[in-house]
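Read through the structure below, which is laid out as structure tokens, and then see the notes.
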Amino acid sequence: MTSEVSWVEKRLRGDGLPIVIDGGMGTELEKSGVPMDGKVWSARAIMSHPQVVRQVHERFIEAGAEVIITNTFSTARHMLEPGGLGREVRKINAKAVSLAQQARDAGAQHPVAIVGSICEWTHDDDPTWNSPDAVGRAAKEQAEILAESGVDIIALEMCERLELSEAVASAVTGLGLPMWIGVSARAHKDHDSLSSFSYVDRDFENLVKVLCKYSPALMNVMHTAVPDVGAATDVVKKYWNGPIGVYPESGYFSMPNWNFVEIIEPAELAEQARQWLANGVRLVGGCCGLGPGHIRALRGAVSADT
């Protein structure tokens, strides 16, 4: 186990302060003027705007992030092939890790772990790229590239569809790196319980119950609106007695662009985070719509609660 991972594990288990991670990479790239793509969202930025990707990582580190997540949310083969980038899978993923490493080496004044993001999500409905078999194979390939390129941790993000989430978790298990699982929830006015973020007919509680069986190093409630975080965390606690992280989103998505509407203020996010931390959460950060200012405020909240 690398030193980058060992200190993360200790902190997650309660030895020292909770961990602060970064904010939304894709949306911060969009705010920086990088065009998003209708098929692969922020993936093209790795090759078209590498310096901006690196600068975004650096801004999050400067704001106090101790963990940065690679810009690989949408760079598995099941996303890149429909976007015409199938031949670039290895190059794009390896480059994304390299840019994160460069940012860490350039500006970190404290230990910074690099987490490789993997997601089941695809914008293409073609079953060739939207089936458990295809997504599982793509996740395994991507995870191997990320591991070879030097990430410290693998994070499964925005788990929503149980059949795809299980395929990804099964494919990634056994690579020798800690695995984080991130689940996304949404409350609906006409629905009695939380559902998966994008699927009102997908029961969030069952998703959590099944995924906890994969024994990740951390269960994250992520890409979930701030008002829904508390209920989602309570569901996770029913089935998981290990460390829990929270990194919510703010605004809304209309492919391929994020709509920065009614974004939560950094101070308000920090106040919410104090409640999560008091409830035992060991990692806080941001997802889509949340930038360095939010991470700086979270850094202050974590430090103030010591």
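Overview of results
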item	result
Mean ellipticity per residue at 222 nm, deg cm²/dmol - from DSSP H runs of n ≥ 4 across the chain, formula -39500 (n - 2.57)	-13500 deg cm²/dmol
Tail weight of P(r) past 13 Å, computed on alpha-carbon pairs of segment 8-47, percent	61
Long-range HN-HN contacts of N259 with modeled amide H, under 5 Å	Y252, F253, S254
Exceeding the 26 Å Cα-Cα cut-off - candidates K140/K237; K140/K209; K31/K209	K140/K237; K31/K209
Diffusion constant of segment 230-301 at 37 °C, which comes from Stokes-Einstein with the Kirkwood Cα-pair radius and 0.692 mPa s, µm²/s	253
Volume per residue that the Cα convex hull of segment 72-137 spans, once the total is divided by residue count, Å³	87
Rg to Rh quotient for segment 101-193, alpha carbon positions, Kirkwood Rh	1.07
Of all accessible heavy-atom area on the chain, the percent that carbon and sulfur account for (1.4 Å)	48
Segment 165-233: projected area of the alpha-carbon convex hull, averaged over directions, in nm²	4.7
Modelled FRET efficiency - R0 30 Å, D15 with E144, Cβ distances, 0.05 increments	0.45
Beta bridge orientation in the chain: antiparallel %, DSSP, nearest 5	25
Heavy-atom surface of the chain, accessible at 1.4 Å and reported per residue (Å²)	39
At q = 0.12 Å⁻¹, base-10 log of I(q)/I(0) for the chain (Debye sum, equal scatterers on each alpha carbon)	-0.70
Calculated over segment 163-306: convex hull of Cα atoms, volume per residue (Å³)	132
Segment 287-301 - phi-based ³J(HN,Hα) in whole Hz, Karplus 6.51/-1.76/1.60, Gly and Pro as x	10, 3, x, 10, x, x, x, 5, 5, 4, 5, 5, 4, x, 5
In order through segment 243-250: 3J(HN,Hα) via Karplus (6.51 cos²θ - 1.76 cosθ + 1.60), integer Hz, x for Gly, Pro	x, 10, x, 9, 9, x, 10, 8
Theoretical FRET efficiency, 1/(1+(r/R0)^6), r = Cβ-Cβ of K31 and S198, R0 25 Å, to 0.05	0.65
Fluctuation leader among H78, H188, H223 - the chain, Gaussian network, Cα springs under 10 angstrom	H188
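The values are calculated or read from the model by the stated rules, or taken from the named source; none is laboratory data. This structure is a prediction, so every number in the text was calculated from the model and none was measured. Cβ sites come from the backbone with ideal geometry, for glycine too, and all protein chains shown count toward neighbours. The area values use the complete protein model at the heavy-atom level, side chains included, leaving out ligands, DNA and RNA. Shrake-Rupley method; radii C 1.70, N 1.55, O 1.52, S 1.80 Å.
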